[in-house]
Amino acid sequence: MLPRPGELLHFSEDPSIERFVPHVAATAQQPEAYVWAVDAVNSPCYWFPRQCPRVCSWDATDVDGTRVHAVEERWLSTIRATRLWAYRFAAAGFEPFGERPHAHVATRQVEPLGSPVEVGDLVSLHERHGVELRVLPELEPYFTQIRERGLEFSAIRMGNAGIGPDGPFATRR
């Protein structure tokens, strides 16, 4: 599930969102309110349940763009059971976020281009797009290796690493 040219995506476990209103995310490191979306390079990092900790890495010098996504084995059954939806937006309403953009943001209310599309089996999605999905006992040692190797990476929801899907974040979506 990748965006078409000129589009960005937002992934959610909620298929009923009609409009996206800028807000300050609970995990935000900045005070501004945004609507968040991702491009084709960063979309694969969001093919997971929202609270699932993961380390997504790729070698920017690798011509074929080899990617590896790693998750903890305690999350695998939740990954398999999660129904995820993709919302499409016109990219024109968003700006790249950060020095090395990993996302795009809008500061105004945004409506999707249409109804959300169910993403389907998240493990199969990785396979179809040639993304290796590694299932590990824990993420921290692997994350250390990725940083030491100097690979491009995105580490998401690492505060949930070691906790599992039934931990304190289970009800927050």
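The values are calculated or read from the model by the stated rules, or taken from the named source; none is laboratory data. Worth saying up front: this structure is predicted, and the values here are computed from it rather than measured. Glycine also receives a Cβ, built like all others from the backbone with ideal geometry; neighbour counts cover every protein chain displayed.
Being loosely packed, with under 11 Cβ neighbours inside 10 Å, of a type in the set (A, V, I, L, M, F, W, C) and in a loop (DSSP other than H, G, I, E, B) is the requirement here; does A26 meet it? The answer is yes for A26. Look at (1) touching a residue at least 60 places away in the same chain (Cβ under 8 Å); (2) within 16 Å of V38 (Cα to Cα); (3) exposed (fewer than 14 other Cβ atoms within 10 Å of the Cβ) and you find that P137 fails only one, number (2). When R100 is tested against (1) of a type in the set (K, R); (2) touching a residue at least 40 places away in the same chain (Cβ under 8 Å); (3) under 29 Å from R149 (Cβ atoms), only condition (2) is not met. Filtering P31, P3, P49 for residues that are touching a helix residue (DSSP H, G or I) at 6+ places or on another chain (Cβ under 8 Å), within 20 Å of E95 (Cβ to Cβ), assigned to a loop (DSSP other than H, G, I, E, B) and not aromatic (F, W, Y) leaves a single hit, P3.
Here is a yes/no grid of residues against (1) on the phi > 0 side of the Ramachandran plot; (2) at pLDDT 95 or above; (3) under 14 Å from the mean Cα position of the chain (by Cα); (4) not in a helix (DSSP H, G or I):
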| residue | (1), (2), (3), (4) |
| --- | --- |
| H69 | no, no, yes, yes |
| R74 | no, no, no, no |
| A86 | no, yes, yes, yes |
| F89 | no, yes, no, yes |
| P96 | no, no, no, yes |
| R100 | no, no, no, yes |
| L113 | no, yes, no, yes |
| G120 | yes, no, no, yes |
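For the stretch 93-113, state whether one or more residues are surrounded by 13 or more Cβ atoms within 10 Å (Cβ to Cβ), of a type outside the set (A, V, I, L, M, F, W, C) and over 23 Å from A25 (Cα atoms). No; the residues of the stretch 93-113 include none that is surrounded by 13 or more Cβ atoms within 10 Å (Cβ to Cβ), of a type outside the set (A, V, I, L, M, F, W, C) and over 23 Å from A25 (Cα atoms).
Scanning the stretch 6-28 for residues that are farther than 15 Å from F89 by Cα and charged (D, E, K, R), we see that the one that is farthest from the chain's Cα centre (by Cα) is D14. Restricting the stretch 124-134 to residues that are in a helix (DSSP H, G or I) and touching a residue at least 60 places away in the same chain (Cβ under 8 Å) leaves a set whose member that is farthest from G159 (Cα to Cα) is L125.
Listed by first and then second residue, the pairs linking a residue in the stretch 24-49 that is within 13 Å of F97 (Cα to Cα) to a residue that is modelled with pLDDT of 90 or more and assigned to a helix (DSSP H, G or I), with Cβ atoms under 7 Å apart and 6 or more places separating them unless they lie on different chains, are V38/Y46.
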